[in-house]
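Chemist: The structure follows.
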Amino acid sequence: MRPIDLHCHSTVSDGMLPPAELVARAAGNGCRWLALTDHDDLDGLETASRTAGECGIGFVPGVEISVSWRDVTLHIVGLGIDPASRTLREGLAQVRSGRAERAEQMAAGLARAGIGGALQGAYRYATNPALISRAHFARYIVEQGHARDTGSVFKRYLVKGKPGYVRHEWASLGDAVEWIHAAGGLAVIAHPGRYRVSAAGMQDLLREFRELGGDGIEVITSSHSTEDYQRFNVLARDASLLASVGSDFHAPEESWMDVGGVPALPLLATPVWQALGLAFEDAPHADGSRLEAVAGTA
Ligand code: AMP
Ligand code: MN
Ligand code: MN
Ligand code: MN
């Protein structure tokens, strides 16, 4: 395991653990550097940063911004951002603002498909109502016995063409990169293997992202297959983009990777932690090993 995790969620967005519990869990799993990257909101960063200090692990303030590019929704992670940045805060407030109305429309669609009470039901799962998300609807739909897990809920109800899906216009790719840069952070395309774009479309996306000043892409992330690791390793190297890593952890029962680390697979491009200046060398790890060796496998 490589003890760095630059992508995870707390109850400030659609994760199930409050920021302090999430950070403590990461530390318990041997994490050395953690970024909290809640969707479109920075409210967990202060508590997470304080807890990381108490646990003796390094903390990177982050965010995951929802973006509309062509007809796909993309997620852009910002790493090393200044949470006080006014440009970023105002941008995120604007991105969040459409969620309540979208949720009402989703609930109406689900009601027509025979799932009642979804609006109130989803809000029960949303600790931060401003961030009401499809993940909260999915949890309610599982609770009501309409599907056995959230993955099946998405397939049957919450993706394009299904009754609970509502098209939504998020931030533009250029805005997301600009806000992250205005806050002093690095912009990284989250889980590129998840987007339904052709190989040519992916090349267009990477080119456009590069031209906008984008910095990196995630190579190691829980929704990537072994083939994706290889594919995005090569694409990152060839596009001169930094390689990022993160679990995208949401909840103990829902996630493929636990929070706090990622498989120590080789990276072909420069790791994003080097650009962020995260020191591993003189940081003794919990098990006494030195992180230099782990980070050095890149
Ligand atoms: P939203 O921002 O409301 O569109 O919700 C997106 C969130 O739903 C993502 O960040 C994931 O946490 C979750 N999600 C998206 N697709 C899936 C899926 N196929 N299975 C499980 N969770 C998903
Ligand atoms: Mn999510
Ligand atoms: Mn995402
Ligand atoms: Mn995420």
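Chemist: Percentage of Cα-Cα pair distances in the chain greater than 30 Å, rounded to whole percent?
Modeler: So the portion of pairs separated by more than 30 Å is 29 percent.
Chemist: Local charge sum around Ala190 (other residues, Cβ-Cβ under 11 Å, Lys/Arg +1, Asp/Glu -1)?
Modeler: My count for the surroundings of Ala190 gives -2.
Chemist: Follow-up. For Ile220, enumerate residues with amide H under 5 Å from its amide H, sequence gap 5+ or separate chain, H modeled in the peptide plane.
Modeler: Under 5 Å from the amide H of Ile220 lie the amide H atoms of Ser244, Gly246, each far enough along the sequence or on another chain.
Chemist: Ala264's amide H: which non-local residues (gap 5+, or another chain) put their own amide H closer than 5 Å, with H modeled 1.01 Å from N in plane and none for Pro or chain starts?
Modeler: Close amide H contacts, sequence-distant or interchain: Arg2.
Chemist: For the chain, take the longest principal axis of its alpha carbons; what is the angle in degrees between that and the long axis of helix 99-112, to the nearest 10 within 0 to 90?
Modeler: Computed tilt is about 50 degrees.
Chemist: In the stretch 124-177, what trypsin sites (Lys or Arg not before Pro) fall in a loop by DSSP, with at most 14 other Cβ atoms inside 10 Å?
Modeler: Arg148, Lys160, Arg167
Chemist: Go through the stretch 220-237 residue by residue and turn each phi into a ³J(HN,Hα) via Karplus (6.51, -1.76, 1.60, θ = phi - 60°); whole Hz please, and just put x for glycine and proline.
Modeler: The phi angles translate into 9, 8, 5, 8, 8, 7, 4, 5, 4, 3, 5, 4, 7, 4, 5, 5, 4, 4 Hz.
Chemist: With a cap of 13 neighbouring Cβ atoms within 10 Å, and only residues DSSP puts in a loop, list the trypsin sites (Lys or Arg not before Pro) found in the stretch 1-78.
Modeler: Arg70
Chemist: Could I ask something else about it? Determine the per residue accessible area of the stretch 1-46 with all protein chains present and a 1.4 angstrom probe, expressed in square angstrom.
Modeler: 26 Å²
Chemist: Compute the accessible area per residue over the stretch 62-116, keeping the other protein chains in place, probe 1.4 Å, unit Å².
Modeler: Heavy-atom SASA per residue in the stretch 62-116 reads 42 Å².
Chemist: Right, something else. Length gain on complete extension for the stretch Glu253 to Ala84, per 0.36 nm per residue less the alpha carbon to alpha carbon distance?
Modeler: Extending this stretch completely gives an extra 57.5 nm.
Chemist: Could you tell me how many degrees, from 0 to 90 and to the nearest 10, lie between the Cα long axis of helix 45-55 and the main elongation axis, the longest principal axis, of the Cα atoms of the chain?
Modeler: 50 degrees
Chemist: Kindly write out, for the stretch 82-96 in residue order, the coupling ³J(HN,Hα) from the Karplus curve 6.51 cos²θ - 1.76 cosθ + 1.60 (θ = phi - 60°), rounded to whole Hz, with x marking Gly and Pro.
Modeler: 8, x, 8, 4, 5, 4, 5, 4, 5, x, 5, 4, 5, 5, 5
Chemist: With every protein chain present, what is the per residue accessible area of the stretch 220-274 (1.4 Å probe, Å²)?
Modeler: On a per-residue basis, 42 Å².
Chemist: Quickly rank 99-110, 186-197 as a protection proxy: mean count of other C-beta atoms within 10 Å, highest first.
Modeler: Those peptides, ordered most packed to least, come out 186-197, 99-110.
Chemist: Ignoring ligands, DNA and RNA, please state the percent of accessible area on the chain from carbon and sulfur, probe 1.4 Å.
Modeler: C and S fraction of accessible area: 48 percent.
Chemist: Per residue of the stretch 11-20, in order, report the coupling 6.51 cos²θ - 1.76 cosθ + 1.60 (Karplus, θ = phi - 60°) as ³J(HN,Hα) in whole Hz, putting x for Gly and Pro.
Modeler: These are the phi-based 3J(HN,Hα) values: 5, 5, 10, 10, x, 9, 10, x, x, 5 Hz.
Chemist: Given R₀ = 30 Å, what would the calculated FRET efficiency be for Glu101 paired with Val72, taking r from the Cβ atoms and rounding to 0.05?
Modeler: The value I calculate is 0.90.
Chemist: Next question, about the same structure. At a 10 angstrom cut-off on C-beta neighbours, averaged per residue, how do the peptides 207-214, 177-184 rank from highest to lowest?
Modeler: Result, highest mean first: 177-184, 207-214.
The values are calculated or read from the model by the stated rules, or taken from the named source; none is laboratory data. None of the values given here were measured: they were computed from a predicted structure. Every residue, glycine among them, receives a Cβ derived from its backbone with ideal geometry; neighbour counts consider all protein chains shown. Heads up: the accessible areas ignore ligands, DNA and RNA and are worked out on the full protein's heavy atoms, side chains in. Shrake-Rupley method; radii C 1.70, N 1.55, O 1.52, S 1.80 Å.
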